[in-house]
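J.: First the structure, then my questions, so here it is.
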Amino acid sequence: MGHTRRIAPFTELGRGDISRVGGKNASLGELTRRLTAAGLCVPPGFATTADAYEELLDGHGLRTRIQEQLDRLHDGVALEDVGAGIRSMIMGEALPEPLTTEIIMAYEDLGRELGRSDPEVAVRSSATAEDLPEASFAGQQDTYLNVSGAVQLLDAVHRCFASLYTDRAIDYRERMGFDHLQVALSVGVQVMVRSDLAGAGVIFTLDPESGFPNVVVVSAAWGLGETVVSGQTDPDEYTVFKPGLKDPALNPVIDVRIGAKRRKAVYAEHGLTDTVDTTPEEQARRVLTDAEVRQLAEWAVAVEDHYGCPMDLEWAKDGITGDLAIVQVRPETV
């Protein structure tokens, strides 16, 4: 049997690695390797591989026990009972020791790169059937933000593995005809951008409502981006005319809509995140300047040109440094 590759840094990944690390992490690798030289800012990180997930399933007959639960679903047992049973089994099975060792080593390497111990990271699920042309698994598995320290990191990774069997994910795979045990889960571990002290949001490289291709639409809200992605807040919306990006003398921002932005996600006092009310001043104020909107739009167009199709991106602004970053990209599936 060949050597099991459990961890891969983003610097070694590309969009051809979906079967190894899922669509989300493959795209982060592609951005890191191909577009950072063009000025795109992508926070560093690493991914666990499909091999690592399969190693967990192969331990103590877990794969067989999961299949038995899925057979119960086909026999008429309620989806929520089957899903809860599988997630409980996965959480009850300890992560393989070689995997925990390699995760901790990669995390410590990240800390050394940043010059601090126990850096805060985002821990995101990335299914190997994710971001495929024929199906979109986005948002079906767990994400944990502001994770710090080895114990919290290993727990978040474990919970991401279990989240491959959320009720929503099981139902979607059933309807789409995917074999549950042929879909593996990779976990991306990426340095956090301190957008809890600034803002974050999403970018579409076309109008998501009309499909008009000559604009970039940037959404922005205060705090971490989870409130925008999950629809918990009404963000600002900035529309950029793509042809205007070609002339530095022009302002390509052709429309600005100030959203209510009543809620924002911030770091919790003892780890992870809380959602809190924004102030009246924050609700009335723009999250981004025209210059920042232009920068994000230029990056988004560069990503679209690289991939050759309309793209859906997530961005964040660091409230300490003021720097903007791209933290996720995927083909646009609205």
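No lab work stands behind these numbers, since they all come straight from the coordinates. Fair warning: this is a prediction, and the values are worked out from it, not measured in the lab. Glycine gets a Cβ as well: all are built from the backbone with ideal geometry, and neighbour counts include every protein chain shown.
J.: Rounded to whole Å, give me the distance from the Cα center of the range 145-183 to that of the range 270-293.
T.: Their Cα centres are 29 Å away from one another.
J.: Apply the Karplus curve 6.51 cos²θ - 1.76 cosθ + 1.60, θ = phi - 60°, to the phi angles in the range 34-49 and return the couplings in whole Hz, x for Gly and Pro.
T.: Here the 3J(HN,Hα) series is 10, 10, 5, 5, 8, x, 5, 9, 10, x, x, x, 8, 10, 6, 9 Hz.
J.: Which one, Arg72, Arg87, Arg173, has the greatest fluctuation when you compute a Gaussian network model over the chain with C-alpha springs under 10 angstrom?
T.: Looking only at Arg72, Arg87, Arg173, the largest GNM fluctuation is found for Arg72.
J.: Provide, in order from the shortest bin, the percent of all Cα-Cα pairs of the range 113-238 in each 10 Å bin, continuing until the bin that contains the maximum pair distance.
T.: It works out to 11, 32, 35, 19, 2, in whole percents.
J.: Whole number please: convex hull volume per residue of the Cα set in the range 181-334, in Å³?
T.: Measuring per residue, one finds 143 Å³ for the Cα hull of the range 181-334.
J.: Kirkwood Rh, Cα Rg: Rg to Rh for the range 167-241?
T.: Working: Rg = 16.7 Å, Rh = 15.2 Å.
Rounded to two decimals, Rg over Rh is 1.10.
J.: Note the full-extension length gain between Glu281 and Ala150 as 0.36 nm times their separation in residues minus their Cα-Cα distance, in nm to one decimal.
T.: 43.4 nm
J.: Also, quick follow-up: How are the Cα pair distances of the chain distributed, in percent, across 10 Å bins from 0?
T.: 6, 25, 33, 24, 10, 2, 0
J.: Still on this model: For the range 246-334, how big is Rg over Rh, using alpha carbon atoms and the Kirkwood form of Rh?
T.: Values: Rg = 15.6 Å, Rh = 15.5 Å.
Radius of gyration over Kirkwood radius for the range 246-334 works out to 1.01.
J.: I'd like to know how the range 1-160 sits against the 2.2 N^0.38 Å rule of thumb: what's its Cα Rg over that expected value?
T.: Details: Rg = 16.9 Å, N = 160, 2.2 N^0.38 = 15.1 Å.
Compactness ratio reported: 1.11.
J.: Measure nothing but the geometry: give the 0 to 90° angle between the long axis through the Cα atoms of 79-92 and the longest principal axis through the Cα atoms of the chain, rounded to 10°.
T.: Computed tilt is about 80 degrees.
J.: Now a separate question. Karplus couplings for the range 149-156 from phi (6.51 cos²θ - 1.76 cosθ + 1.60, θ = phi - 60°), rounded to Hz, Gly and Pro as x?
T.: x, 5, 5, 5, 5, 4, 5, 5
J.: Report, in deg cm²/dmol and to the nearest 500, the calculated mean residue ellipticity at 222 nm for the chain, where each DSSP H run with n ≥ 4 adds -39500 (n - 2.57) and the sum is divided by the residue count.
T.: After summing the helix terms and dividing by the residues of the chain, the value is -11500 deg cm²/dmol.
J.: Could you give the length gained on full extension between Asp167 and Phe212, defined as 0.36 nm per residue of separation minus the Cα-Cα distance, in nm?
T.: Taking Asp167 through Phe212 to full extension adds about 12.7 nm, to one decimal.
J.: Here's a follow-up. Report the full-extension gain for the segment Asp323 to Arg175: residue separation times 0.36 nm, less the Cα-Cα distance, to one decimal in nm.
T.: Working it through step by step, the gained length comes to 49.1 nm.
J.: Also, quick follow-up: Quickly rank 251-262, 13-24, 311-322 as a protection proxy: mean count of other C-beta atoms within 10 Å, highest first.
T.: On the way: 251-262: 15.7, 13-24: 22.0, 311-322: 19.3.
With the highest mean Cβ count within 10 Å placed first, the list reads 13-24, 311-322, 251-262.
J.: Further question: With each pseudo-label sitting 7 Å past Cα toward Cβ, what's the Gln232-Val266 distance in nm, one decimal?
T.: Each label point is offset 7 Å from its Cα along the Cβ direction, giving 1.3 nm.
J.: A further question follows. Take the Cβ-Cβ distance between Leu245 and Thr4 as r, set R0 to 45 Å, and report the resulting FRET efficiency rounded to the nearest 0.05. Write down the numbers at each step before the final one.
T.: Numbers: r = 45 Å, r/R0 = 1.00.
Between Leu245 and Thr4 the formula returns 0.50.
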